[in-house]
Amino acid sequence: MAKSATGTDFRTLLQDWIPKLVLSPSVAAMVVFVYGFIAFTFYLSFTDSKMLPSYDWVGLENYVRLWGLSHWWTAIGNLAIFATLYIVICTIIGLTLAILLDQKIRGEGMLRPIYLYPMALSFIVTGTAWKWFLDPGIGLENTMHLWGWESFKFGWIKDRDFAIYTIVIAAVWQTSGFVMAMFLAGLRGIDNEILKAAQIDGASNWNLYRRIVIPLLRPAFLSAIVILAHLAVKSYDLVVALTGGGPGRATELPATFMYSYTFTRNSMGIGAASAVIMLMTIAAIMTPYLYAELKEKK
Amino acid sequence: MAVAEQDTAVRTGRITRSFIYLVLLLFALFYLLPFYVMLTNSLKPLAEITGGNMMALPGEWTIAPWLSAWSTAQIGVEPTGLKPYFLNSLMMVVPAVTISTVLGALNGFVLTKWSFRGDKIIFGLLLFSCFIPFQIVLIPMARMLGIMGLAGSLPGLILVHVVYGLGFTTLYFRNYYAAFPTELVRAAMIDGAGFFRIFWRIMLPVSGPIAVVSIIWQFTNIWNDFLFGASFSGLSSTPMTVALNNLVQSSTGVKEYNVHFAGAILAALPTLVVYIVAGRFFVRGLMAGSVKG
Amino acid sequence: MLGNYGKKMAAVTALMATTSMANAADVEVLHWWTSGGEAAALSVLKDNLAAQGIGWNDMPVSGGGGEAAMTTLRARVTAGNAPTAVQMLGFDIQDWAAEDALGNLDDVAAAEGWDAVVPEALQAFSKYDGHWIAAPVNVHSTNWVWANKAILDGLGIAQPTTWDEFVAAMQAVKDSGKVALAHGGQAWQEATMFDGVVISAGGPDFYKKAFIDLDADALSSDTMVEAFRRMETLRSFADDNFSGRDWNLASAMVINGEAAFQLMGDWAKGEFLNAGKVPGQDFLCFRIPGSEGSVTFNSDQFAMFKVASDEARAAQGTMASDIMSPEFQIAFNKVKGSVPARTDVDGSALDACGQKGMAEMAAAAANGTFIGSMAHGHANRAAVKNAIYDVVTAHFNGEYDAEAAAEELANAVDAAK
């Protein structure tokens, strides 16, 4: 299989370059449309932009103002509560449902789409339904009263301290089915031989799952957490449709804060500052996680 | 006791199984409730909704709200219903989903089978781009589209959706191809096959399931997107979400909840159809390309 | 009236003919009037323009009372393809004019004599640097009370004329088991009530000092504390379920006889009329006691953006002229519940409350008590307005007491300036 020296070189050279060429449009798009825009936002956070971008430098003034706003603290606090609950509960429900569904259930074909379909609906679609459902006057509480359970109370959505939990409920409803699908796929990919071997060694079902199955699901955990985290950070439609940020500003989240200050309050500088903080936080959390996971894969 | 031979080696007793079914059914109820509320209330006349129990079945069944939402409801000054906007959404979604899926597949292929220095970093960067909030993208993207001459046009909107979907599609394909045996690719390379040959002949045929995942994900996100649709579409490319929003968020007058719900379900039908039809392949697609042993 | 209008139309047409080519361009209109009544009224304008050979390209984006539309507008302007005409309120118009994005309507305004018929306080928003940049479609007013007459008659309550009488009336309703105040717990609704309450507590001059001049002393003064106390009183008369309720559902409570009073702008009147109720017979409309003689207003206007071609400019001019025509003003405002933006229009086609509104607007304009509404962006800029919203709604929901609220108000406004 002798090839001429130049022929091999050119061919290998081309082969070397083609993958990079193929990848380059995406990389170029990322550089411009993602990181370029992030840089632009970073710059804007140091300007006095109000309604439209302006380029007059004001230093750290926006950041000072930002941290002086009680809304911002509310938004961050809410995000911590919301993101933690959302990711944890979705993961638990997703994992549980996946494990249960994996037990050779009759009717799995019908149950799976039922669990998955909420993801297909946008929140403009389901926001009203959930708002009704959670409203004490016309929703679940009212229905319970009509059905005879007079003392049932479920007015969380109107309560400043509890409204954020209603958002968790609606968000979990929308995404946990998708998480279940990811874990189910992971479970189906586990080699039965390993499980059988462990059973021969006398492992109980509980230990089987805890010691073997769940650790084998690490890639699924990675995808699930990435997807859930990004949804938690970007939650805008959901909050606006369900509570509008209310009561008062009790369910403010960074995404609604950003939108409100950039567009409604014509304070683009502050909006940009809040965006920068958000991105830095995400980077701080996701980078170590991604690093650890990606290092292992290979 | 015979070990279950197919999906799992785990054994469960009778009581456990009943318990499992109960839990699954309860969750099914939880997921179905809002849809049930929307569906039943979309078939009631308005008087029943304002007066009655949201959970009750319609006393008087009517499909008038559906007809109204489709073709006669007020969207702006025109009483056109949602019909004209469906086509716009389709014309936007289909190219955007196709392009971003194909690019994602190619990217995944490159990042897993053609390692080079910095490929992990590039993947990390692509992943991180999933997190960018759309609000900060709006103004600079508007500027870019203006500069490129694509403002208010269908290609511009498609471009926006492709760019912001790349992170996800690459993630899916990359994870899928990572589990695919490299030996096959190596063997093909030694046989003299080039990049595209290998992709076409070897990777693509087995990518069915993950392609379905990517398509479902992209279809859902792009079809349901409002912000980009409202900001970057032109008169002839306004997507259905903007129309639905106009239908549902009427500021004055009687809120015709039944029409709103009917419109909302109509708007969701394509995604629901995609989920139900392709749902089978969805789970298979998420399995990291493993061949069952 | 037709003769006068005809003459003006002829003048404008002549003007247009000299400045435009054979066919005028189409107009692209961004707005958020997407529901039945308003959309129907707007399509009257569309038909008028069609008859004049100008096509209407509709760009509706509803949501948030114009929020989504304003975001879309930013994207469009940044991308370089601004719409021809955009529905806008108050200071937004001024902000865009400051960005040098708006066109010039001086020719049409001069030809039709708008300066003479549009109240000065309103002109302040339609003009920038002395040039006309927007055509006002209507004038809403926010310091109204809407009352269910049957409930009042049943309890023997007369229409209240002072704040104390009002409180007593609400107490009587509450004692009888009905809801005294139908309220929707959203920031803008609380702010709308606040407009009238501040005037009732301190008078129109105080209102101007606090909300237009943004004087810190006024904002944290005892009068403001009194205003907050009155808000607390109102809160005590609202039912428990008010949080997040839409304004038209609150109106429905009054229409159905569940509640006696609603403090809301005159767009609420549209709900009553649509339900077949008759002013004076089924419902009463009066100013928030203590704020009689003052009219806090907001006005929807169509701002005309800078366009390149002469045909487009001509189309804008025609559209502006049609908007300001007495026929359109009456036709539109009849449906919307507001009053015409020009004072020389015959209001006999409007209902009793509408005519009352027109008369009160003219009187207030003459008196200097025709003031921009803070709650609807006609007293100060968006950043300040929203800062005030924050404090008012937080106070209403129990986060501060009245003294703390007044202090917070001064701080928040200062931080937002």
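The values are calculated or read from the model by the stated rules, or taken from the named source; none is laboratory data. All values derive from a computational prediction rather than experimental measurement. No Cβ is skipped: glycine too gets one built from the backbone with ideal geometry, and neighbour counts run over all protein chains shown.
Here are some notes:
- Neighbours by Cβ (under 9 Å, 6+ apart or cross-chain): first from the range A:134-146, of a type in the set (Asp, Glu); second assigned to a helix (DSSP H, G or I): A:ASP135/A:GLU141; A:ASP135/A:ASN142; A:ASP135/A:ILE157; A:ASP135/A:LYS158; A:GLU141/A:LEU134
- Of the set (1) assigned by TED's automatic domain parsing to the domain that holds C:THR192; (2) on the phi < 0 side of the Ramachandran plot; (3) of a type outside the set (Asp, Glu), all apply to C:GLY156 but (2).
- Residue list for the range B:128-153, restricted to those being under 21 Å from B:ASN224 (Cα atoms), in a helix (DSSP H, G or I) and either more than 9 Å from chain C (Cβ to nearest Cβ) or of a type outside the set (A, V, I, L, M, F, W, C) (or both): B:SER129, B:CYS130, B:PHE131, B:PHE134, B:GLN135, B:ILE136, B:VAL137
- Residue pairs whose Cβ atoms lie under 6 Å apart, sitting 6 or more positions apart in sequence or on different chains, and linking a residue in the range A:211-227 that is hydrophobic (A, V, I, L, M, F, W, C) to a partner that is not in a helix (DSSP H, G or I), are A:LEU216/A:ILE190.
- Residues of the range B:237-271 satisfying the condition of being in a loop (DSSP other than H, G, I, E, B) and either closer than 25 Å to C:GLY337 by Cβ or touching a Lys or Arg at 6+ places or on another chain (Cβ under 7 Å) (or both): B:GLN249, B:SER250, B:SER251, B:THR252, B:GLY253, B:VAL254, B:LYS255, B:GLU256
- Filtered residue count, the range A:219-269, keeping only those that are within 11 Å of chain C (Cβ to nearest Cβ) and within 19 Å of A:LEU44 (Cα to Cα): 11
- Residue in the range A:39-53 that is surrounded by fewer than 15 Cβ atoms within 10 Å (Cβ to Cβ) and under 30 Å from C:ALA387 (Cα atoms) present: yes
- Of residues in the range C:350-387 being among the polar types (S, T, N, Q) and part of a loop (DSSP other than H, G, I, E, B), the one farthest from the other protein chains (Cβ to nearest Cβ): C:THR369
- Applying the condition of being within 21 Å of the chain's Cα centre (by Cα) and charged (D, E, K, R) to the range C:209-256 and asking which residue is farthest from the other protein chains (Cβ to nearest Cβ) yields C:LYS209.
- Close contacts from the range A:100-124, counting a first residue that is facing chain B (nearest Cβ under 7 Å) and touching a residue at least 40 places away in the same chain (Cβ under 8 Å) and a second that is polar (S, T, N, Q) and assigned to a loop (DSSP other than H, G, I, E, B), with Cβ to Cβ under 9 Å and a gap of 6+ residues or different chains, come to A:ASP102/B:THR8; A:ILE124/B:GLN249.
- Condition check for C:ASN256: buried (at least 21 other Cβ atoms within 10 Å of the Cβ), without any contact (Cβ under 8 Å) to a residue 40 or more places away in the chain and under 25 Å from C:GLY37 (Cβ atoms): no
- Taken together, the criteria exclude B:ALA56 from residues that are touching a residue at least 12 places away in the same chain (Cβ under 8 Å), in contact with a helix residue (DSSP H, G or I) (Cβ under 6 Å, 6 or more places away or on another chain) and among the hydrophobic types (A, V, I, L, M, F, W, C).
- Taken over the range C:177-193, the residue count meeting the criterion of being away from every other protein chain (no Cβ under 14 Å) and in contact (Cβ under 8 Å) with a residue 24 or more places away in the chain is 4.
- Subset of the range B:181-218 [surrounded by fewer than 19 Cβ atoms within 10 Å (Cβ to Cβ) and touching a helix residue (DSSP H, G or I) at 6+ places or on another chain (Cβ under 8 Å)]: B:THR182, B:LEU184, B:ALA188, B:MET189, B:ALA193, B:GLY194, B:PHE196, B:ARG197, B:ARG201, B:ILE202, B:LEU204, B:GLY208
- Single condition A:ALA241 does not satisfy, out of (1) at pLDDT 80 or above; (2) surrounded by 21 or more Cβ atoms within 10 Å (Cβ to Cβ); (3) in contact with a Leu (Cβ under 9 Å, 6 or more places away or on another chain): (3)
- Sole exception among (1) buried (at least 21 other Cβ atoms within 10 Å of the Cβ); (2) at pLDDT 90 or above; (3) touching a Gly at 6+ places or on another chain (Cβ under 8 Å) for C:TRP247, by number: (2)
- Matching residues in the range C:25-44 - criterion: being under 16 Å from the mean Cα position of the chain (by Cα) and outside any helix (DSSP H, G or I): C:HIS31, C:TRP32, C:TRP33
- Once the range B:254-273 is narrowed to residues that are at the interface with chain A (Cβ under 7 Å from one of its Cβ atoms) and aliphatic (A, V, I, L, M), the residue that is surrounded by the fewest Cβ atoms within 10 Å (Cβ to Cβ) is B:LEU272.
- Considering B:LEU244, B:LEU286, the condition of being out of contact with any Cys (no Cβ under 8 Å at 6 or more places or on another chain), at pLDDT below 80 and surrounded by 23 or more Cβ atoms within 10 Å (Cβ to Cβ) is satisfied by B:LEU286 alone.
- Unmet criterion (only one of (1) assigned to a helix (DSSP H, G or I); (2) hydrophobic (A, V, I, L, M, F, W, C); (3) within 9 Å of chain B (Cβ to nearest Cβ)) for A:ILE190: (1)
- Matching entry among C:PRO326, C:PRO340 (being in contact with a helix residue (DSSP H, G or I) (Cβ under 9 Å, 6 or more places away or on another chain), in the same structural domain as C:ASP100 (by TED's automatic domain parsing) and within 15 Å of C:HIS140 (Cβ to Cβ)): C:PRO340
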